[in-house]
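> Here it is, the structure, as structure tokens.
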Amino acid sequence: MRVMTAIAAAAGVLSAGLAGQVSAEPKVYAYPSAANYCPAGLQPVTLGGAICCGTPNQTMTYAEVKAHPVQRRHRVATPRRSARVPCPVGTKGCSYN
């Protein structure tokens with residue numbers, strides 16, 4: 001009897017998981033392009049990495065979604081100092097103590 005209840009519980013969990021996957025729509029992003037070769041009422045979209053004609057269900061493009069929101073820091077270049085000791089012109093070997 002316990003085996004039947006375990007099977008029924010597993011079937012309920014499995015059907016609930018499949019129902020969630022079936023009802024979920026794939027994300028269709030608009031593809032920005034200069035030329036529109038799609039039939040009237042459709043526009044270029046990306047679906048799973050492929051560009052095709054359709055109607056997007058997302059407000060942003062795929063590139064905008066994947067753009068990282070953090071701005072990059074720009075490093076300020078500091079002048080580098082030489083490790084050598086400057087010697088006056090015309091002297092042979094410097095010995096600064």
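> Quick check on the stretch 50-73: of everything there that is over 18 Å from Ala24 (Cβ atoms) and among the small types (Gly, Ala, Ser), which residue is nearest to the chain's Cα centre (by Cα)?
Among them, the one singled out is Ala67.
> So how many residues does the stretch 5-59 have that are part of a loop (DSSP other than H, G, I, E, B), among the hydroxyl-bearing types (Ser, Thr, Tyr) and either surrounded by fewer than 10 Cβ atoms within 10 Å (Cβ to Cβ) or at pLDDT below 90 (or both)? Don't jump to the end; show me each part of the working.
First, the residues of the stretch 5-59 that are part of a loop (DSSP other than H, G, I, E, B): 24-28, 31-42, 48-49, 55-59.
Adding the requirement that they be among the hydroxyl-bearing types (Ser, Thr, Tyr) leaves 31, 33, 37, 55, 59.
With either surrounded by fewer than 10 Cβ atoms within 10 Å (Cβ to Cβ) or at pLDDT below 90 (or both) added as a condition, the list becomes 33, 37, 59.
Residues flagged as part of a loop (DSSP other than H, G, I, E, B), among the hydroxyl-bearing types (Ser, Thr, Tyr) and either surrounded by fewer than 10 Cβ atoms within 10 Å (Cβ to Cβ) or at pLDDT below 90 (or both) within the stretch 5-59 amount to 3.
The values are calculated or read from the model by the stated rules, or taken from the named source; none is laboratory data. Fair warning: this is a prediction, and the values are worked out from it, not measured in the lab. Note that each Cβ is placed from the backbone with ideal geometry, even for glycine, and that neighbours are counted across all protein chains shown.
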